Amino acid sequence: MGALCRSACRRFVIAAALAALSLPIPAGSPAAAAGPDDVVDAQPACRAPEERLPLEVPRTAAPPVPHPAPESPGDYRHRLTPSPYGWVRLPGWCVWVEPVTAGEDAAHRRDRLWLAAVEAALTQWSRAGVGVRRTHDPEAAQVRVWRRRPPLRKGPDGRMRASHGRAQLSLVEARSQRRRWLEPRVEVWIGQGQGARGLQATALHELGHAFGLWGHSDDPADAMAAVPGPIPVVELSERDRATLRWLQAQPSRIGEPLETPARAGGRP
Ligand SMILES: [Zn+2]
């Protein structure tokens, strides 16, 4: 994986790509039915903050995070990378998924296949313990899932490479009324150039990044594998779940109130 925020975080402004991890195009993607839309929203409604501003909190204000995490059997925590403000985790994530329109032609059927794959992946992460809150307002979302292939990106060999999916994290200062907090925003791009299982595996992988697993497993049986195996992984492994459980127990400033003085001209 690429380094998480080693060059893009200078001047404490992380509006640019803090992290962008792509799933390489796997071999083969046999068609199969995707899971149902059964993500339940049992948490408070998502609301857009009044403002989102570039983050200007000194990185030195963040508590030190041991990195890499000590290895532990049964998970791949040591392969994850924290943000400069701690591990990326929230008790609940507001998720917006690009809607599809009704229609019976091939394009609409493709759109529905895509949506079913994303919903199935969200269900997997939700059942593993991620607090998934759905919103119809993209401005209220911390995770936005777009139905499009990510832009080509230059590989280590200098050649432009395509991928089926990508997730990119930014950290911003969010404000509403008198509150200010450190908010993550993740853009997830998932293309449509695969069968149902391939789509679901890509969605599962990229949403894993979105929910804080910024790193890759070295086991192709894991959803977060760096190099996918010949059979798309459409269910989380026990190692994926264990890594998530560890992540969710880590300290972080992500989502927490900002205590630094207000900007000039800002609210007190
Ligand atoms: Zn990845």
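The values are calculated or read from the model by the stated rules, or taken from the named source; none is laboratory data. Note that this is a predicted model, so its numbers are computed, not measured. Here Cβ is always computed from backbone atoms with ideal geometry, including for glycine, and neighbour counts include all displayed protein chains.
Points to keep in mind about this one:
- Verdict on R159 being away from the ligand (no atom under 16 Å from the Cβ), within 15 Å of the chain's Cα centre (by Cα) and more than 27 Å from T243 (Cβ to Cβ): no
- Verdict on A69 being assigned to a loop (DSSP other than H, G, I, E, B), at pLDDT 70 or above and in contact with an Asp or Glu (Cβ under 7 Å, 6 or more places away or on another chain): no
- From R166, R197, residue being part of a strand (DSSP E or B), surrounded by 14 or more Cβ atoms within 10 Å (Cβ to Cβ) and of a type in the set (K, R): R166
- The set of residues from the range 90-117 being free of Cβ contacts under 8 Å to residues at least 12 places away in the same chain and among the aliphatic types (A, V, I, L, M) comprises A102, A106, A107.
- In this structure, R239 does not qualify as away from the ligand (no atom under 16 Å from the Cβ) and within 20 Å of the chain's Cα centre (by Cα).
- Members of the range 237-259 that are closer than 13 Å to G212 by Cβ and in a helix (DSSP H, G or I): D240, T243, L244, R245, W246, L247, Q248
- Test for V172: is it modelled with pLDDT under 95 and within 16 Å of the chain's Cα centre (by Cα): yes
- Of all the listed residues (W146, W246), the sole one being more than 13 Å from the ligand (Cβ to nearest atom) and over 23 Å from L113 (Cβ atoms) is W246.
- Subset of the range 200-216 [crowded, with 24+ Cβ neighbours inside 10 Å, under 21 Å from P230 (Cβ atoms) and within 14 Å of the ligand (Cβ to nearest atom)]: A201, T202, A203, L204, H205, E206, G208
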